[in-house]
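One structure is given below, encoded as structure tokens.
The values are calculated or read from the model by the stated rules, or taken from the named source; none is laboratory data. Remember, it's a predicted structure, so these values are computed and weren't measured experimentally. Neighbour counts are summed over all protein chains in view; Cβ atoms, including those assigned to glycine, are modelled from backbone coordinates with ideal geometry. Protein only, heavy atoms only, side chains kept; ligands, DNA and RNA dropped before computing areas. Shrake-Rupley method; radii C 1.70, N 1.55, O 1.52, S 1.80 Å.
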Amino acid sequence: MEDCFICNKHAGNIEAAGVVIYEDKYVYVGHIDSNGQPNYLGHIMIDLKRHVPTLAEMTVEEAQAFGIIMARVSKALKESENAEHIYALVSGNSVPHLHMHLVARYPNTPKECWGPMEVYNWKEAPMGDNNEVIDLCNRLKTHLENNQYE
């Protein structure tokens, strides 16, 4: 769909922060982009490649791929980035193309900053430029390549 941000990203019409963490015929995994502003390190996006608005429209094969990569990336964030908790959120309010936010919560995050968007309120939150996002993406990609999901 030509007016869909995610479809345009997958078509290469929009450049996003970082590099591809994982991709297969059903899903695309990358880091969130903050329009050139510093990014919260560990805010990962899992996009369904086919344009559907919600979880309800996935095929069984898409759901299987989506669920497995969600678990694998969550585990990679914990093991590679030392996250203590992973938030998962599907909203679809602003972009009607199925995508899931996986947001790492790191040790020492104050309780008042617990939550998938609340972590951004933490004054000591790990923020980084595109080079730091690329480094994180590459660490996660390497972790996924070296650790099979069982």
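Across segment 124-147, what is the number of residues that are in contact with a helix residue (DSSP H, G or I) (Cβ under 9 Å, 6 or more places away or on another chain) and farther than 17 Å from SER34 by Cα?
7
Which of the following residues is of a type outside the set (D, E, K, R), open to solvent by 70 Å² or more (accessible area, probe 1.4 Å) and within 24 Å of ASN8 (Cα to Cα): PRO53, PRO96?
Among PRO53, PRO96, only PRO96 is of a type outside the set (D, E, K, R), open to solvent by 70 Å² or more (accessible area, probe 1.4 Å) and within 24 Å of ASN8 (Cα to Cα).
Only one of ILE46, ILE86, ILE69, ILE32 is touching a residue at least 12 places away in the same chain (Cβ under 8 Å) and in contact with a Ser or Thr (Cβ under 6 Å, 6 or more places away or on another chain); which? Outline the logic, then answer.
Values: ILE46 fails: in contact with a Ser or Thr (Cβ under 6 Å, 6 or more places away or on another chain); ILE69 fails: in contact with a Ser or Thr (Cβ under 6 Å, 6 or more places away or on another chain); ILE32 fails: in contact with a Ser or Thr (Cβ under 6 Å, 6 or more places away or on another chain).
Testing whether each residue is touching a residue at least 12 places away in the same chain (Cβ under 8 Å) and in contact with a Ser or Thr (Cβ under 6 Å, 6 or more places away or on another chain) leaves just ILE86.
Any idea which of (1) open to solvent by less than 10 Å² (accessible area, probe 1.4 Å); (2) touching a Leu at 6+ places or on another chain (Cβ under 7 Å) is the one ILE86 doesn't satisfy?
Only one criterion is unmet by ILE86, namely (1).
Consider LEU77 carefully, then state whether it is open to solvent by less than 30 Å² (accessible area, probe 1.4 Å) and in contact with an Asp or Glu (Cβ under 9 Å, 6 or more places away or on another chain).
Working: open to solvent by less than 30 Å² (accessible area, probe 1.4 Å): yes; in contact with an Asp or Glu (Cβ under 9 Å, 6 or more places away or on another chain): no.
So LEU77 fails the test.
Can you tell me which residue is surrounded by the most Cβ atoms within 10 Å (Cβ to Cβ) among those in segment 1-13 that are at pLDDT 85 or above and aliphatic (A, V, I, L, M)?
ILE6
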